[in-house]
Amino acid sequence: MDKNKVLRILVVLPLYGGSLPVGRFCISALEKMGHLVETFEAPDFYSAYNAIDDLKVTSDRHQYLRNSYLNILSQAVLAKVETFEPDMVLAMAQAPLTHQALKRLRKDNVKTAMWFVEDFRLFTYWQSFAPFYDVFAVIQKEPFFGELKQIGVNNALYLPLAAHPDFHKPGELSPVDIRKYGGDVSFMGAGYPNRRLAFRKLIHHGLKIWGTEWDGDHVLEPYVQLGGKRVSSEECVKIFNSTKINLNLHSSINADELVSGGDFINPRTFELAACGAFQLVDKRTLMPEAFEDGELAHFESLEDLDEKIGYFLAHPEERDQYVERARARVLKDHTYELRMQTLIDFTIERFNDWPSKRNINALFDNNFPEELKNDIVELIEKLGLPSNVTFNDLVSAVRSQQGQLSPLDTAVLFLDEWKRIYNR
Amino acid sequence: MKRALVIQLTRFGDLVQTKRLVLTLQQRGFKVHICIDSSLEGLARIIYPACEIHPLIAHGSGIEGQGKDTVLPVNYKIFKQLSEIDFNEIYNLNFSAMNYALSSMFDPQKVKGHKRINGQVMKESWFELGFRLATERRNNINLVDYWAALSPDMIPADQVNPVASSGGKGIGVVLAGRESRRSLPYDVLAPLVMSVRSTIKNKNIFLLGSKAERDAGRKLMSKFPASVADSTVNLAGETDWKGLVEAVTGLDLVITPDTGTMHLAAHLGVPVLGFFLSSAWCTETGPYGEGHTILQSDIDCAPCMEAAPCYYDLKCLAPFKDSATARYLATRKPEHLPKGISIFESGCDFLGTQFIHKAGNDPSGERRQRLRKFIGCHLGLIDIGEHGPFPNLAEKFYKDKDWITA
């Protein structure tokens, strides 16, 4: 396959949760790579799903209604597949795709990929769903790979998280934002037990804690920002960029061990680096293949962390050296664009028939009227499409636009329908 | 001045059947623009002289290749012109992907009928109800009224076309419609035409049709006795739109299947004698206005689906072959009418054009009348306090969604 070929990818977002921003970065990266992306906006359906919880009905009815609603969402994804005819359905963890829908997609020979950006030990539902995806991308290796193999998943791909440099980038903040988001030492993330225990001993550094699930901790409560509300991706970048030392302590449900020494690398590691923000991060077993020594500043224990906070606050020039090296490495090896390319390459390698050949219809063939070329080229540029885009892909991009269309958009869409009706 | 755009991208007959809507809009003070396939431009200018006509390429016939050098530049130019006109209302009439595409160019709030909003295609609630009503095809309403009811303040049905009356110029015979199954073969048609001719003073016959039907005209004439053939003129393929209008104007009668020329005759006030079989049903697409007669095949499988094959050896054709039908046409006495054909005559009521059963078999007639009142109340044309309620019809045709989200 031509590696530069424009693919049609339907990204199915989850209703909510940590993989939602990851999904949005994937969409942005795929679009930047020139692919045609449609999104199933599951979050738009979340409030109705929540409303079912307020019904106060019997348990069996409640279950039935929730399952029925999720079935509707799955049907909506299938309807979108039918219309958009994607080369791939890329689902993020917790995407609303039922077993039945996944079976349907397989039967219809629509390739499905799941990027499971969760800890397989904590989020164990993968056992039921992974075999129904054609590609199952994960952020951990062994023993997860072995377990996936045992349940018949032969196309597992290690695909660590990443950063999106168009979004995660250094930036100047306004004085108001610096006052609000800035500080010497900050932590952004959920209140897992290991973090709660650790941070109680770090409050003397003027710690600012951002994120959810910190309630009920009287010691830390005064340091939790915005009342423990969910922090948007945009706010995260502001926090990262206006904090001297960003703490990055990977989560663990085990309060006994501060530094769990687990395997996967969290998204914050890549995002902080891409922002050009300094971080103190715990070591992970999968880290050495992602970062060289000297690219990230690590800590081994709570005492070590406490000490290094003091040290790096006093040595800004050393912070800058780490920042520079980490950012260069992420831009080189750990962007969502690179991850998406890896996923595409892997799928090509595993499936000889993918992507299936479409009825390619070159846009500027000999019959194309000269007087229209300039207008069409402008339209292609406006839509962010490659100059060698096919007619069918141009139509898809026009279709995905919102609001009223221009006369040229309409003429392109109209021609497509005309061609379908008269088999041209 | 207020401006309305009517998008009518289908065929000859449909363009004529848009008349009640166009007249209604004009009466409401709109300058009406009509967007049609370019093949119908001449006809549109004749039928709707006060309208602005925007001819684009929506049909496939006569267009070679993939359309980039033909469809795209022509339509782009038209779309640019349309986008520069500030339309207050846009009536998008056809359930077609091309219509939906075209509606994308306009503010969805202004579009009536079929529209595409942020990529999602949707139907006006009246059209949704119309699609449900069409499941009872024998009781369905006339397409003219279906389109006109998109607008408020429809002009009265009897003001759309003149009451049909003989013009003294002889008989017009339409040779075939677009769907061959809907038309009588020439050997079945010939005795019926001669039978009708025996009742008309002016014995001239004018065969009407396109170039493709010229040969069918010759074959029909071959079935006539020499004296009849001598007074027959085969105009098939000889007329442009203007010529066709001239040929039909002033005729005593037009004998026809369900065709565009039939609607043109109704527009001109020429009485229609329609032979409706196969997928054609008079209450849906019969000639509009008062004074037309339809011989309607009423066998159990009628009306069928146009696109579906016939598994019954076109049994709806058999009664037209029966010599009794010719006898009926000569005498108009119901006792001569063979089984399998019913007679309907057109008239106007509060809703539009209706077809009144005159002879034969019409088991759903009572329900059809009730359904018309139900629709009349729905559209606010008659008072539900006086004519309603209609619980059974409402249960069938109103959906939960209508009640919950209207």
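The values are calculated or read from the model by the stated rules, or taken from the named source; none is laboratory data. Since the structure is predicted, the reported quantities are computational estimates derived from the model, not experimental observations. As a convention, Cβ positions derive from the backbone with ideal geometry for all residues, glycine included, and neighbour counts pool all protein chains shown.
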* To do: Hey, can you tell me all the residues within the stretch A:408-417 that are under 13 Å from residue A:391 (Cα atoms) and either under 34 Å from the mean Cα position of the chain (by Cα) or more than 7 Å from chain B (Cβ to nearest Cβ) (or both)?
  => A:409, A:412, A:413, A:416
* Asked: Looking only at the stretch A:388-407, which residues are in contact with a Ser or Thr (Cβ under 9 Å, 6 or more places away or on another chain), in a helix (DSSP H, G or I) and more than 7 Å from chain B (Cβ to nearest Cβ)?
  -> A:398
* Asked: What is the number of the single condition among (1) surrounded by 14 or more Cβ atoms within 10 Å (Cβ to Cβ); (2) under 27 Å from the mean Cα position of the chain (by Cα) that residue A:309 does not meet?
  -> (2)
* Asked: Would you say residue B:56 is under 28 Å from residue B:248 (Cα atoms), aliphatic (A, V, I, L, M) and away from chain A (no Cβ under 14 Å)?
  -> no
* To do: Using the structure shown, decide if residue B:16 is in contact with a helix residue (DSSP H, G or I) (Cβ under 9 Å, 6 or more places away or on another chain), within 18 Å of residue A:411 (Cα to Cα) and crowded, with 22+ Cβ neighbours inside 10 Å.
  => no
* Members of the stretch B:233-276 that are part of a loop (DSSP other than H, G, I, E, B) and among the hydrophobic types (A, V, I, L, M, F, W, C) -> B:235, B:236, B:251, B:270
* Structure fact -> Taking first residues from the stretch A:401-424 that are assigned by TED's automatic domain parsing to the domain that holds residue A:385 and second residues anywhere that are of a type in the set (Asp, Glu), the pairs with Cβ under 6 Å that are 6 or more apart or on different chains are A:408/A:375
* **Close pairs from the stretch B:1-22: first among the basic types (Lys, Arg), partner part of a loop (DSSP other than H, G, I, E, B) and crowded, with 22+ Cβ neighbours inside 10 Å, Cβ under 7 Å, at least 6 apart** => B:19/B:160; B:20/B:154; B:20/B:160
* **Cβ pairs under 7 Å, 6+ apart, first in the stretch B:117-136 and of a type in the set (Gly, Ala, Ser), second part of a helix (DSSP H, G or I)** => B:119/A:399; B:125/B:402; B:130/B:146
* Structure fact -> Here the residues within the stretch B:209-230 that are more than 17 Å from the chain's Cα centre (by Cα) and either touching a residue at least 40 places away in the same chain (Cβ under 8 Å) or closer than 28 Å to residue B:306 by Cα (or both) are B:210, B:211, B:212, B:213, B:214, B:215, B:216, B:217, B:218, B:219, B:220
* Asked: When you look at residue B:353, is it over 25 Å from residue B:158 (Cβ atoms) and either buried (at least 16 other Cβ atoms within 10 Å of the Cβ) or modelled with pLDDT under 95 (or both), yes or no?
  -> no
* To do: Quickly run through the stretch A:149-169 and pick out the residues that are out of contact with any Pro (no Cβ under 8 Å at 6 or more places or on another chain), part of a loop (DSSP other than H, G, I, E, B) and surrounded by 14 or more Cβ atoms within 10 Å (Cβ to Cβ).
  => A:155, A:159, A:160, A:164, A:165, A:166, A:167, A:168, A:169
* So residue B:181, is it buried (at least 17 other Cβ atoms within 10 Å of the Cβ), of a type in the set (Lys, Arg) and under 29 Å from residue A:405 (Cβ atoms) -> no
* To do: Tell me which residues, restricted to the stretch B:187-208, are surrounded by fewer than 21 Cβ atoms within 10 Å (Cβ to Cβ) and under 30 Å from residue B:309 (Cα atoms).
  => B:187, B:188, B:191
* What number of residues in the stretch A:349-373 are outside any loop (DSSP other than H, G, I, E, B) and either surrounded by 14 or more Cβ atoms within 10 Å (Cβ to Cβ) or at pLDDT below 85 (or both)? -> 5
* From the set of residues in the stretch B:86-112 that are free of Cβ contacts under 8 Å to residues at least 40 places away in the same chain and more than 9 Å from chain A (Cβ to nearest Cβ), which is nearest to residue B:132 (Cα to Cα)? -> B:95
* Asked: Yes or no: residue B:48 under 30 Å from residue B:212 (Cα atoms) and more than 12 Å from chain A (Cβ to nearest Cβ)?
  -> yes
* Asked: Can you tell me which residues in the stretch B:169-222 are over 12 Å from residue B:251 (Cβ atoms), assigned to a loop (DSSP other than H, G, I, E, B) and among the small types (Gly, Ala, Ser)?
  -> B:176, B:177, B:183, B:198, B:209, B:210
* Asked: Here are A:329, A:325, A:319, A:420: which of them is out of contact with any strand residue (DSSP E or B) (no Cβ under 6 Å at 6 or more places or on another chain), closer than 30 Å to residue A:114 by Cα and either within 14 Å of chain B (Cβ to nearest Cβ) or assigned to a helix (DSSP H, G or I) (or both)?
  -> A:329
* To do: Evaluate the stretch B:62-82: report whether one residue or more is closer than 25 Å to residue B:398 by Cβ and either more than 8 Å from chain A (Cβ to nearest Cβ) or of a type in the set (Phe, Trp, Tyr) (or both).
  => no
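Conditions tested, residue by residue: (1) more than 22 Å from the chain's Cα centre (by Cα); (2) farther than 26 Å from residue A:369 by Cβ; (3) surrounded by fewer than 18 Cβ atoms within 10 Å (Cβ to Cβ).
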{"site": "B:36", "(1), (2), (3)": "no, no, no"}
{"site": "B:42", "(1), (2), (3)": "no, no, yes"}
{"site": "B:46", "(1), (2), (3)": "no, yes, yes"}
{"site": "B:55", "(1), (2), (3)": "no, no, no"}
{"site": "B:58", "(1), (2), (3)": "no, no, no"}
{"site": "B:61", "(1), (2), (3)": "no, no, yes"}
{"site": "B:72", "(1), (2), (3)": "yes, no, no"}
{"site": "B:79", "(1), (2), (3)": "yes, no, no"}
{"site": "B:84", "(1), (2), (3)": "yes, no, yes"}
* Asked: Among the candidates A:74, A:59, which residue alone is touching a helix residue (DSSP H, G or I) at 6+ places or on another chain (Cβ under 8 Å) and either of a type in the set (Lys, Arg) or on the phi < 0 side of the Ramachandran plot (or both)?
  -> A:74
